[in-house]
Amino acid sequence: MPSVALLGATGSIGTQTLDVLRAHRDEFTLVALAGGQRLAELAATVNEFSVPAVAVRHEADATTIRGLVPTSTEILVGPAGLEELAGRADICVNAVVGFAGLSATLGALRAGRRLALANKESLVAAAPVVERVRQGQVIYPIDSEHSAIFQCLGESGRDDGYREVSRIILTASGGPFRTWPREDLQRITREQALRHPTWAMGAKITIDSSTLMNKGLEVLEASALFGIELDRVDVVVHPQSIVHSMVEYIDGATLAQLSEPDMRLPIAVSLGAPHRLAGGFGRMDFSKNVELTFEAPRWDDFPALRLAYDAGRRGHGAPTWLSAANEIAVEAFLDDRLAWCDIVPVVAATLDSYDDQELVTEADVWAADAAARDIARRVVAR
């Protein structure tokens with residue numbers, strides 16, 4: 001029975017992973033958890049699944065959770081704790097939010113464990129370093145778009161660089177402001193930006209979806225994840241979020257993965273591959289009138305997408321700076337210190353200070369991330 005380490009257990013992906021594990025209790029055993037601020041929820045999961053080890057962010061959190069779990073529970077702290085637990089199980093589900101998930105990504109890969117990845121920022125920000133550590137290991141993506149691509153590609157062509165693939169087509173819902181006039185984009189509130197039309201997600205990814213930065217990060221992730229050139233990754237807006245992405249082949253055929261919006265499906269795919277887990281998450285009823293529409297992104301009104309492509313073409317540490325600056329800008333918006341329409345300009349202004357920096361070691365990545373955050377904070381404070 002495969003063992004699972006679930007890191008980021010109290011977030012949106014984490015709680016949905018627990019749904020999948022509850023539905024398949026006889027097929028997986030949960031041996032490690034990590035969580036952030038929701039310590040009572042984390043402790044409840046430790047107790048429900050009799051999890052022997054848990055990681056928290058700070059020593060104060062460790063003190064709190066010690067009083068909520070059995071005395072036999074091993075408690076680890078900080079990035080080192082994340083990295084340690086990532087290597088203990090057969091499968092590491094990395095659902096940590098943001099750049100903080102890098103430790104888990106590297107820990108799982110170094111230990112040769114299956115990495116089920118929902119943390120796109122660690123791959124975007126540290127792609128050259130992750131690729132060296134990865135050494136050809138398959139990463140099983142949990143993002144719905146990348147899971148769709150993974151399913152459409154299969155194993156064929158992986159070793160030859162997918163030469164029969166013409167392009168990858170990522171679908172985007174367009175977010176809550178897809179049809180808003182340009183002038184109205186200047187007056188967006190926090191509550192409006194957190195109201196996604198099709199997905200229930202955490203705050204950070206929901207805001208990223210509203211600016212289309214999430215799709216820009218996914219473009220960079222797809223290129224790194226599948227080893228496909230950036231210019232072979234396209235984006236199309238698909239408001240229904242039923243076609244989760246597509247792969248176009250050189251003969252003109254296009255394969256797509258369809259399902260109702262339900263993150264438990266890509267989670268199940270990443271846990272069960274190469275086999276399918278029974279459950280029917282996201283099952284479609286094609287006897288009903290299913291509407292599928294597609295349109296081009298509004299590049300000028302949502303400049304985050306172009307900014308991500310530009311950072312990817314610059315390479316080296318530019319995507320690191322993009323991801324770090326975006327985290328700072330989104331945090332400021334959620335704290336009511338920045339307007340929605342200023343999120344992407346803060347990222348762009350931060351990237352204006354970027355000087356080409358090659359990423360050779362993990363320390364290089366952390367240094368690039370810290371430098372970008374420092375500049376982004378200064379830009380926000382102007």
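None of the figures in this text is laboratory data; all of them are computed from the coordinates on show. All figures in this text were calculated on a predicted structure; none of them were measured in a lab. Reconstructed Cβ throughout: ideal geometry from the backbone, glycine too, with neighbour counts over all protein chains shown.
See the values below:
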{"read-out": "Simple Cβ-charge dipole of the chain, Lys/Arg +1 and Asp/Glu -1, about Cα centre, in debye nearest 20", "value": "540"}
{"read-out": "Taking the C-alpha atoms of the range 174-255, convex hull volume expressed per residue in Å³", "value": "119"}
{"read-out": "Spatial separation of Cα centroids for the range 304-330 and the range 28-49, in angstrom", "value": "33"}
{"read-out": "Helix runs (DSSP H) in the chain reaching 30 Å along axis by Cα, Kyte-Doolittle at least 1.6", "value": "none"}
{"read-out": "Cα shape, the range 264-382, gyration tensor, a/c 1.5 rule", "value": "prolate"}
{"read-out": "Mean Cβ count within 10 Å, highest first, over the residues of peptides 48-60, 106-118", "value": "106-118, 48-60"}
{"read-out": "Simple label model, 7 Å out from Cα along Cβ direction - Asp374 to Asp90, nm", "value": "4.6"}
{"read-out": "Projected area, mean over directions - the range 3-118, Cα convex hull, nm²", "value": "6.1"}
{"read-out": "Nitroxide proxy distance, nm - points 7 Å out along Cα→Cβ at Arg232 and Ala296", "value": "2.4"}
{"read-out": "Under 12 Å, Cβ to Cβ, from Phe302 - net charge with Lys/Arg +1 and Asp/Glu -1", "value": "+2"}
{"read-out": "DSSP-defined antiparallel bridges as percent of all bridges, the chain, nearest 5", "value": "30"}
{"read-out": "Efficiency of FRET from Cβ geometry, Glu59 and Arg25, R₀ 30 Å, rounded to 0.05", "value": "0.35"}
{"read-out": "222 nm mean residue ellipticity, helices alone, for the chain (DSSP H n ≥ 4; -39,500 (n - 2.57); rounded to 500)", "value": "-13000 deg cm²/dmol"}
{"read-out": "In sequence order, calculated HN-Hα J values of the range 188-193 (Karplus, 6.51, -1.76, 1.60; Hz; x Gly/Pro)", "value": "6, 9, 4, 5, 5, 5"}
{"read-out": "For Cys92, net neighbour charge (Lys/Arg +1, Asp/Glu -1) across residues whose Cβ lies under 14 Å away", "value": "+2"}
{"read-out": "Relative packing of 290-302, 120-132, which averages over residues the other C-beta atoms within 10 Å, highest first", "value": "120-132, 290-302"}
{"read-out": "Percent RCO, i.e. relative contact order, over the range 150-381, from Cα pairs under 8 Å lying at least 6 residues apart", "value": "22"}
{"read-out": "Dipole in debye (nearest 20) - the range 164-252, about Cα centre, beta carbon charges: Lys, Arg +1; Asp, Glu -1", "value": "520"}
{"read-out": "Choice from His24, His146, His275 showing the highest fluctuation, given a GNM over the chain with Cα pairs closer than 10 Å", "value": "His275"}
{"read-out": "Förster radius 22 Å - calculated FRET efficiency between Arg382 and Gln186, Cβ distance, rounded to 0.05", "value": "0.75"}
{"read-out": "Residues of type lysines that Lys215 reaches as a straight line, Cα spacing below 19 Å, ignoring anything fewer than 8 places off in the same chain", "value": "Lys120, Lys204"}
{"read-out": "Cut-off under 5 Å, modelled amide H: who pairs with Ala172 long-range", "value": "Val236, Val237, His238"}
{"read-out": "Candidates Thr71, Thr15, Thr211: whichever shows maximal mean-square fluctuation once the chain is modelled as a Gaussian network with Cα springs under 10 Å", "value": "Thr71"}
{"read-out": "Cα centre as origin, Lys/Arg/Asp/Glu Cβ charges: the range 210-257 dipole, Debye", "value": "180"}
{"read-out": "Computed over the range 184-237: relative contact order in percent, which uses C-alpha pairs under 8 Å that are six or more apart", "value": "21"}
{"read-out": "Global geometry of the range 150-381, whether rounded, prolate or oblate, following the gyration tensor of its Cα atoms and the 1.5 cut on a/c", "value": "oblate"}
